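**Student:** Dropping a structure here in structure tokens format, bear with me for questions.
Every read-out reported here was derived from the displayed coordinates using simple, explicitly stated rules and does not represent laboratory data. Everything quoted here is computed from the prediction, not taken from an experiment. Glycine also receives a Cβ, built like all others from the backbone with ideal geometry; neighbour counts cover every protein chain displayed.
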Number of protein chains: 2
Amino acid sequence: MRISTKGRYALRLMVDLARNSGAGPVSLKDIARRQDISDKYLEQIISVLNRAGYVRSLRGAQGGYFLQRPPEEYTVGMILRLTEGSLAPAPCVDEATAPCGRQEGCAAAVLRKKISDAVSSVVDQVTLQDLMTWQNGIDSECVI
Amino acid sequence: MRISTKGRYALRLMVDLARNSGAGPVSLKDIARRQDISDKYLEQIISVLNRAGYVRSLRGAQGGYFLQRPPEEYTVGMILRLTEGSLAPAPCVDEATAPCGRQEGCAAAVLRKKISDAVSSVVDQVTLQDLMTWQNGIDSECVI
DNA sequence: TACAAATCCTACTAAAATACTATAATATCC
DNA sequence: GGATATTATAGTATTTTAGTAGGATTTGTA
């Protein structure tokens, strides 16, 4: 029941991008240094965000990344689902073709759905902007 | 963000125990056969539940296990926390000594706590009895 | 009392997921 | 043309998960 580093790093990455936007694209190397995360690992993570259109990239010298949209338009759920895969507590919650074959009236399904909905209700509500606001006053490198 | 088989098997095991209680202790072998789970693996799982006092055991021939308390006194949260470890979405949510050292006002901490609370609000509310009720009408081997 | 059926206990292992690391190609600004 | 970026692909070490295996111990029953 853990969010892996991949999802957490993605959040930190996006918050970092949001905080440091304005003065041109932000290079991954800078983000990696500020967040103290391997830049090669971040590369893989941001490429997912890039392909999904969450960030835009500029190649070459003075290149880097920037957010495609304002921070309040990204929810934590969007980012985590992309990087973590599903947020469901077990296979078969959100899959149409449940392995057990009987989604209807199944105790397991009811329980899973409740957990899944509870998590979603949080992560789909909290935006990047919220994370930034909560973090204000604290120094920027606070770990998510 | 998954519940592992360990936690899920523990739930199935407990529901099975609850359903088959009344006629003396229930042997693990029977549970394993009904639930189609390796009995050796179940042994490890039930030993945790046993040490925690959630079930009682009787050794020797005609021995087995039975629930220590009525099904409505076990929550899903109790069982999952025991077998899965913490249900927190990341280290440092429920630990007093957060690795980042600054629990207060940290965006990460706020987010994690929200997720953790959301999950808890579900799993601490649902009891074994609920699972049994939801499962009524369905054949018993429905997989959690 | 011997035997069978059960729990208990410890250790081992295969496979998958996680968390990176490495290398090289490509693009762009100066 | 060179420094600085992103992009793409492949490889690897570590950890976690999900079991297996073997045997010791206990206890009811014949």
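**Student:** Tally Lys/Arg at +1 and Asp/Glu at -1 over every other residue whose Cβ is under 14 Å from the Cβ of A:Met14; what's the total? Intermediate results must be reported in sequence, preceding the final value.
**Tutor:** Values: positive: A:Lys6, A:Arg8, A:Arg12, A:Arg19, A:Arg34, A:Arg56, A:Arg69, A:Arg81; negative: A:Asp16, A:Glu72, A:Glu73, A:Glu84, A:Asp130.
Overall, the nearby charge balance is +3.
**Student:** Could you name the residue in chain A with the C-beta closest to the rotation axis that superposes chain A on chain B, along with the separation in whole Å?
**Tutor:** Spelled out as residue then distance in Å, it is A:Ala118, 2.
**Student:** Right, another one. Could you run the Karplus curve 6.51 cos²θ - 1.76 cosθ + 1.60 with θ = phi - 60° over segment A:6-22 and give me ³J(HN,Hα) per residue in whole Hz, x for Gly and Pro?
**Tutor:** 4, x, 5, 5, 4, 5, 4, 4, 5, 5, 4, 4, 5, 5, 9, 7, x
**Student:** For each of A:Leu58, A:Leu28, count neighbouring Cβ atoms within 10 Å of the residue's Cβ, then give the residues from fewest to most. Provide the component values of the computation, followed by the final result.
**Tutor:** Details: A:Leu58 13, A:Leu28 21.
Least to most surrounded, the residues fall as A:Leu58, A:Leu28.
**Student:** On to the next question. Starting with the fewest neighbours, write out B:Tyr9, B:Tyr41 ranked by other beta-carbon atoms found within 10 Å of each beta-carbon.
**Tutor:** The order, fewest Cβ neighbours first, is B:Tyr41, B:Tyr9.
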